[in-house]
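The values are calculated or read from the model by the stated rules, or taken from the named source; none is laboratory data. In this text the structure is predicted, and so the values were computed from the model without any measurement. Neighbour counts run over all protein chains shown; Cβ positions are idealised from the backbone, glycine included. Accessible surface is based on the protein model in full, side chains and every heavy atom, while ligands, DNA and RNA are left aside. Shrake-Rupley method; radii C 1.70, N 1.55, O 1.52, S 1.80 Å.
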Amino acid sequence: MIERKYRPDILNVLRVVATMFVFLLHGRSRVPGISVTEFPLVFLTCTPAWAGVWIFLFISAYLMGMGFAKGKYKLTNEKGKLSIKAVLIFYLKRYIRFAPVYYIYCFAFEILKGTPFMFKNPETMFRLLTFRFDGSGGISGIGHLWYMSLAMQIYMIIPIVYLLTSLVKKNTILNVLFFAFLGFGLFYRIALYNDNADWYYEVYTYLWTNLDFVVCGVILAIISCNAKQKNEIRESSVWWGVFANLQFVALVVYNCYIYNSGMKQDYVIYRYLLPSLYILSCAVLIIKYHNPHGIERKAPGRFNVLKFFDWFAPYTFAFYILHIVVFNYFTNTFGKTNTFLNIPLLGKYIVFFGFCFVVTLVGAWMLSCADKEITKRIEKALHLR
């Protein structure tokens, strides 16, 4: 028997890649001299953080759609009819599994920051705690939490999206709907640009402007589950795999170039056109590599660096929440010392991101373990297990 090489779950790979996009860009400005350095380091540090969020959105919708399609999440009773009780239980479970780690962080931030912020800004605190925060009125340490609000809002509408799209039984029609919503999202963003809408608050962080990520992700999940088996040509074709990988790499490299250029016309492409391309690009990778039927395609064996993706993926949520405070801690302590400032630029980059990555990852692991235990106890107390 020929042992097949270990292949990480493509969804985990995308989650980790998206997390690192956000991590590297958010920390870039904190490394002295990084913004004025020459190619290639400055180019390599211009990772597309916005794209990381778009990848998160699409993968979340795909996984939720997959959960419904495979019966993991229930919206109906034993007779197959829509059940209000089942819907409410779904929302309650999502809230319990999402909120504890989020509230723990908000509480810890307010206490450890030293100078109270949220209690002095009750409107911002209310929007944070009710998942209506869009980034406005925030400060470093909580400003990035707008994504948590957007994710919770997406969880609220996904059951409706699934119920509507699941009415379509033919994959051909679902394919048409996928590209229809892909085109709708593209032209809707362009229309907002022509209408001089505020990009950050009316496009980037706004739920309904990201509806194409949600709908396309759910539709792709239904299409995948409807397929009885993987297409043998795509499964066996080396060229299909090469294309799937290269098209994503090319998109990311082009995105890095756009960010590095700083040209207004390039930013228009980044903000209004590339979101749709990321949906299409991630869909190609998922079609090629993700098997919704759970057939084992990964051979066990010795340590492989690719296994890191599968190991790290469960902690990406907590990692995203914690990374800003770790940046702040390093910058305000060791980052101001002569020892750090006298290190060559490349050394600064390696030391800063190396230290912050390890500390954030350890913190994410601890926070995730605490969150898992809290969630388990709450669900047990409410008889949801």
request  = Enumerate the whole-percent occupancy of each 10 Å bin, from 0 to the last occupied one, for all C-alpha pair distances of segment 243-385.
outcome  = 9, 20, 30, 29, 11, 1
ask   = Once a ≥ b ≥ c are taken as the square roots of the eigenvalues of the Cα gyration tensor of segment 124-196, is the result rounded (a/c under 1.5), prolate (a/b larger than b/c) or oblate (a/b not larger than b/c)?
value = oblate
query = Which of the peptides 368-381, 11-24 is most tightly packed, and how do the rest follow, judged by the mean count of other Cβ atoms within 10 Å per residue?
reply = 11-24, 368-381
message = Using DSSP H assignments, which helices in the chain have an axial alpha-carbon span of 18 Å or above and a mean Kyte-Doolittle hydropathy of -0.5 or higher?
response = 10-28, 49-69, 84-112, 146-165, 171-194, 211-226, 238-261, 274-289, 316-332, 345-381
query = Where the centre of each part is set by its Cα atoms, how far does segment 98-134 sit from segment 334-385, in angstrom?
reply = 19 Å
task = Starting from the amide H of THR76, placed 1.01 Å from N in the peptide plane, find each other amide H under 5 Å away whose residue is 5 or more places distant or on another chain.
result = SER83
remark   = In debye to the nearest 20, the charge dipole size for segment 1-134, taken about the Cα centre with +1 at each Lys and Arg Cβ and -1 at each Asp and Glu Cβ, equals 680 debye
task = Calculate, in whole percent, how much of the Cα-Cα pair population of segment 239-294 lies beyond 18 Å.
result = 41 percent
task = In debye, nearest 20, what is the charge dipole magnitude of the chain about its Cα centre with +1 on Lys and Arg Cβ and -1 on Asp and Glu Cβ, if you could check?
result = 1240 debye
remark   = Sparse-neighbourhood loop hits (trypsin sites (Lys or Arg not before Pro), segment 64-157; DSSP loop; Cβ within 10 Å at most 11 others) -> LYS72, LYS79, LYS81
ask   = If the convex hull of the alpha-carbon atoms of segment 14-119 is projected onto planes in all directions, what is the mean projected area in square nanometres?
value = 10.4 nm²
ask   = Once you wrap a convex hull around the alpha carbon atoms of the chain, what is its projected area averaged over all directions, in nm²?
value = 22.4 nm²
ask   = Of GLY262, VAL101, SER166, which is farthest along the charge dipole of the chain in the positive direction, counting Lys and Arg as +1 and Asp and Glu as -1 at C-beta?
value = SER166
query = How long are the three semi-axes of the equivalent ellipsoid of segment 172-217, in whole Å, if each is the root of 5 times an eigenvalue of the C-alpha gyration tensor, listed from largest down?
reply = 23, 11, 4
ask   = When only Cα pairs under 8 Å and 6 or more residues apart are kept, what is the percent relative contact order across segment 238-351?
value = 22 percent
request  = With no solvent and one equal point scatterer per Cα, compute the Debye intensity ratio I(q)/I(0) for segment 118-251 at 0.18, 0.21 Å⁻¹ and report its log10, rounded to two decimals.
outcome  = -1.11, -1.22
Where segment 1-131 is the region considered: accessible area per residue in Å², 1.4 Å probe = 52 Å²
task = Beta carbons within 10 angstrom, averaged per residue: use that to sort the peptides 259-269, 58-68, highest first.
result = 58-68, 259-269
query = Of all accessible surface on the chain at a 1.4 Å probe, what whole percent is carbon and sulfur?
reply = 66 percent
remark   = Averaging 1/r across every pair of distinct alpha carbons in segment 72-137 and inverting yields a Kirkwood hydrodynamic radius, in angstrom, of 14.3 Å
